[in-house]
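Novice: To start, I am sharing the structure in question, which I have written as structure tokens.
The values are calculated or read from the model by the stated rules, or taken from the named source; none is laboratory data. Owing to the predicted nature of the structure, the values given are computational and were not obtained by experimental measurement. Methodologically, a virtual Cβ is constructed for each residue, glycine included, from the backbone with ideal geometry; neighbour enumeration extends over all protein chains shown. Protein only, heavy atoms only, side chains kept; ligands, DNA and RNA dropped before computing areas. Shrake-Rupley method; radii C 1.70, N 1.55, O 1.52, S 1.80 Å.
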Amino acid sequence: MKFTVSREALLRPLQLLNGVVERRQTLPVLSNVLVVADPQGLSLTGTDLEVEILSHLSIDGAVEVPGATTVPAKKLFDICKSLPDQSQIEFSLQDQKVIIRSGRSRFSLSTLPAAEFPKVEESQQDLSFELTQKEFKRLLDRSSFAMAQNDVRYYLNGLLLELSPGMLRSVATDGHRLATCSLPIDHGATSVVRSIVPHKGIVGLGRLFDDSDTPVQVVLGSNHIRVKTGDYIFTSKLVDGKFPDYERVIPRNGNKVVVADRQELREVLHRASILSNEKYRGVRLCLTDSNLEVTANNPTEQEEAEENISVNYQGDSLEIGFNVTYVLDVLDVLNNEQIKITVSDANSSALIEEFGTDDDSLYVVMPMRL
């Protein structure tokens, strides 16, 4: 195997693959990236047996000698990253070693046979549809932050993609909060289809997308999701489990509606959170006519913060506690200048939405006792 490629062409694919490659594993080849050079160009593949990313690169100069091998992913990325801008990198395979030359630099990397590199098994294709990177990125950005991590309820450690006739919805929850975003789309599904993409898969997908109108082809199988966009093919196993009935936890009967300036509320909560209990992160919201008082205290240090903000609210006074991190996470992903918070009483969950728009996103945050 022998070919020459520019440093810039390799950097982004290797960075994406490094996010997938498993460093702590029992199978040594999983810490490597599969490099295949043929007349069509160069392909790089990384996997941890759950998630796989394949990147295809067109090489300006023809591949001198086709071939395939696997090399340590992190070392290859670190070498390319440390070389000067616009460097040309020559790869050659000699005596089970990859020799990398660039300018006056020379590196020799150990290899493992390409035949040992595993492929993520594909399941039968059930459904295929298209959307843009911008649309998919919005679905992920507006909901994925609410995913659980390392929860014993394994089906919460991922993002639900739900297809219903004419609609694609993303839903995430960790049991304390819920985030959902919807996108009208003609995907061809005539009944409801639900797939849970694991946390690591969602993180990998998020790195692939930008705010462009580049098309994304999504293929959903019974056990896998495959996403093709540009020069990348992303494959992930699905979580085998049943996602909770999220519609049941969305409060629909709230009678206390607060409209506030999103950025002002965000700043107030940030300041108050400095003196909240480090473990529980609780803040108390006290609602009265046209005013919201935010208080936080740290009993251990006997410290307290108090903030007041003008809001659009008329009704009975109400005192309710929340984990400030959960509320801030919602305010961070919204764009509208004003937000609407709907609650019933001190023991009911809050429904947070953007105000004045037919918004596609809904957020539920459970209260906490303070």
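Novice: Using a 1.4 Å probe on the protein heavy atoms only, what accessible surface does LYS228 show? Give it in Å² to the nearest 10.
Specialist: 90 Å²
Novice: Work out, step by step, the length gained on full extension between ASN291 and GLN40: first 0.36 nm times the residue separation, then minus their alpha carbon distance; give nm to one decimal. Write down the numbers at each step before the final one.
Specialist: Working: separation 251, 0.36 × 251 = 90.36 nm, distance 6.51 nm.
Extra length from ASN291 to GLN40 when fully extended: 83.9 nm.
Novice: Run the numbers on the stretch 87-160 and let me know its relative contact order in percent, using alpha-carbon pairs under 8 Å that are six or more apart. Could the numbers behind the result be given before it?
Specialist: Numbers: 51 pairs, mean separation 10.2, N = 74.
After rounding, I find 14 percent.
Novice: Amide H of GLU303: which non-local residues (sequence gap of 5 or more, or other chain) have their own amide H closer than 5 Å, using H built in the peptide plane?
Specialist: Under 5 Å from the amide H of GLU303: ASN298.
Novice: Points 7 angstrom from Cα along the Cβ direction at THR26 and ASP358: gap in nanometres?
Specialist: Computed distance between label sites THR26 and ASP358 equals 5.4 nm.
Novice: Under 5 Å between amide hydrogens, which residues at least 5 positions from GLN338 or on another chain qualify, with H placed 1.01 Å from N in the peptide plane?
Specialist: Residues meeting the amide H criterion: ARG262, PHE355.
Novice: Something else now. With r defined as the distance between the Cβ atoms of ASN335 and GLN96 and R0 fixed at 30 Å, what FRET efficiency is calculated, to the nearest 0.05? Display every interim value, and only then the final one.
Specialist: On the way: r = 53 Å, r/R0 = 1.78.
That gives a FRET efficiency of 0.05.
Novice: Short version: ³J(HN,Hα) in whole Hz for each residue of the stretch 5-18, in order, from phi by Karplus 6.51 cos²θ - 1.76 cosθ + 1.60 (θ = phi - 60°), x for Gly and Pro, what are they?
Specialist: Computed from phi, the couplings for the stretch 5-18 are 9, 7, 4, 5, 5, 8, 4, 5, x, 5, 5, 5, 5, 5 Hz.
Novice: Here's a follow-up. Say R0 is 51 Å: what FRET efficiency, to the nearest 0.05, do SER310 and ILE59 get from their beta-carbon distance? Numbers along the way, then the final one.
Specialist: Working: r = 61 Å, r/R0 = 1.19.
For SER310 and ILE59, the calculated efficiency is 0.25.
Novice: FRET efficiency for SER191 and ASP213, Cβ-Cβ distance as r, R0 = 41 Å, nearest 0.05?
Specialist: Values: r = 29 Å, r/R0 = 0.71.
Efficiency, rounded to the nearest 0.05: 0.90.
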